[in-house]
Amino acid sequence: MSDGFDRAPEQTRPQDSVPQQNPEPAMAKPQVVVAPVLMSKLSANAPEFYPSGYSSYTESYEDGCEDYPTLSEYVQDFLNHLTEQPGSFETEIEQFSDTLNGWVTTDDALQELVELIYQQATSIQNFSYMGARLCNYLSHHLTISSQSGNFRQLLLQRCRTEYELRDQAAKGDEATRKRFHAFVLFLGELYLNLEIKGTNGQVTRADILQVGLRELLNTLFSNPMDDNLICAVKLLKLTGSVLEDAWKEKGKTDMEEVIQRIENVVLDANCSRDVKQMLLKLVELRSSNWGRVHVTSTYREATPENDPNYFMNEPTFYTSDGVPFTAADPDYQEKYQELLEREDFFPDYEENGTDLSGAGDPYLDDIDDEMDPEIEEAYEKFCLESERKRKQ
């Protein structure tokens, strides 16, 4: 039955209008991936964390060696500190030396100190130079002189022990050769940094190290494996100029013999092409006096005859075939003239920049010589203001 009036149909609001979706096929629900629960390995009892570059030696430095139960721990911590912060050598070496003078009072303690420094210098990459500096300082500042000898004597004895194994080490496996090469480079640093004071106060280098380096070079070249030859190149780059000067003072021609040995290796040895290139570059370095420049009192104009580096900074040109050439090439003039005559090298321009092509540049042709009115007005104001200030 009707209730007295007809109910108007309900109007559907636009926001309530939901398009009917085809139920077939039904959309699959997204799969929820549950990450596996990882058990943390962190522990409240874990050792205290120190950031990179931090050494516990820094914290204990102000308290001396009281916090170190043994000499070995104290020295090793200082060596690690120097490895991470080599710039601290100058400021901390004196206190380190003073502490050692109060602690190293027996032959065994001195021997242990030498061994710790030797192992650090030959096992940690890039510590050979710092180790040599440390050895030089301690050789002059450690007061103990045991029955076995002083610090420098024990250090040289330790090096001699390794030196006597050179032939077996150069022929050994890769790990053995690597340790041997580290020893060779440390000995080179010792030769440069270990100062020996004579009775008259003059400072000299250890002749025994000079002899040892010469024999080590012979050993390396006698076993021309790539890594042995690379070690020899590093050693000569490090000490070559000093060794040659020392040999010349004694009237020896050892460096000439070394260079001849290198040239024979390049010709005969079955080393890699890259290593041969390294050896040839070393010979070139030596021919230029190891890169040293001597200033002479009389000026001489450099020529290809009197200056081995005359062509060093000359530009490199390329022929039409892409072959590089420089002023050092015998047919340089001919190749360079050919280069100048190439039509595509200097496209229709004279030396003063004048365009000879006849056709104008489409970009430059669009540029009007007249100023924009606003720019011209601003320029006139600038000139008037400048003239006014000048008169004031």
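Every number here is computed from the coordinates shown, using simple stated rules; none is lab data. Treat the numbers as computed from the prediction; the structure is a model and nothing was measured. So basically every Cβ, Gly included, is an ideal-geometry build from the backbone, and we count neighbours across all protein chains shown.
Couple of notes before you dig in:
- Applying 1/(1 + (r/R0)^6) with r as the Cβ-Cβ distance of Ile375 and Leu280 and R0 = 56 angstrom yields a FRET efficiency of 0.35.
- Only Lys, Arg, Asp and Glu carry charge here, each on its Cβ (+1 for the first two, -1 for the last two); on that basis the range 71-290 has a dipole of about 700 debye about its Cα centre.
- Computed over the range 71-290, the convex hull of the alpha-carbon atoms projects to a mean area of 13.3 nm².
- Angstrom value of the Kirkwood radius, inverse mean 1/r, which spans all Cα pairs in the range 97-219: 15.1
- For Gln125 and Asn101, a Förster radius of 35 Å and the Cβ-Cβ distance give a FRET efficiency of 0.70, rounded to the nearest 0.05.
- Once both labels are positioned 7 Å from their Cα atoms along Cα-to-Cβ, the gap between Ser88 and Arg388 label points is 6.7 nm.
- FRET efficiency for the pair Ser148 and Lys252, taken as 1/(1 + (r/R0)^6) with r the Cβ-Cβ distance and R0 = 41 Å, rounds to 0.80.
- Projecting label points 7 angstrom from Cα along Cα→Cβ for Asp268 and Ser287 puts them 2.2 nm apart.
- Close Lys pairs in the range 71-290, defined as Cα atoms under 16 Å apart and 8 or more places apart or on different chains, number 5.
- Placing unit charges on each Cβ (+1 for Lys and Arg, -1 for Asp and Glu) gives the range 71-290 a dipole about its Cα centre, and among Gln119, Leu279, Phe186 the Cα reaching farthest toward its positive end belongs to Leu279.
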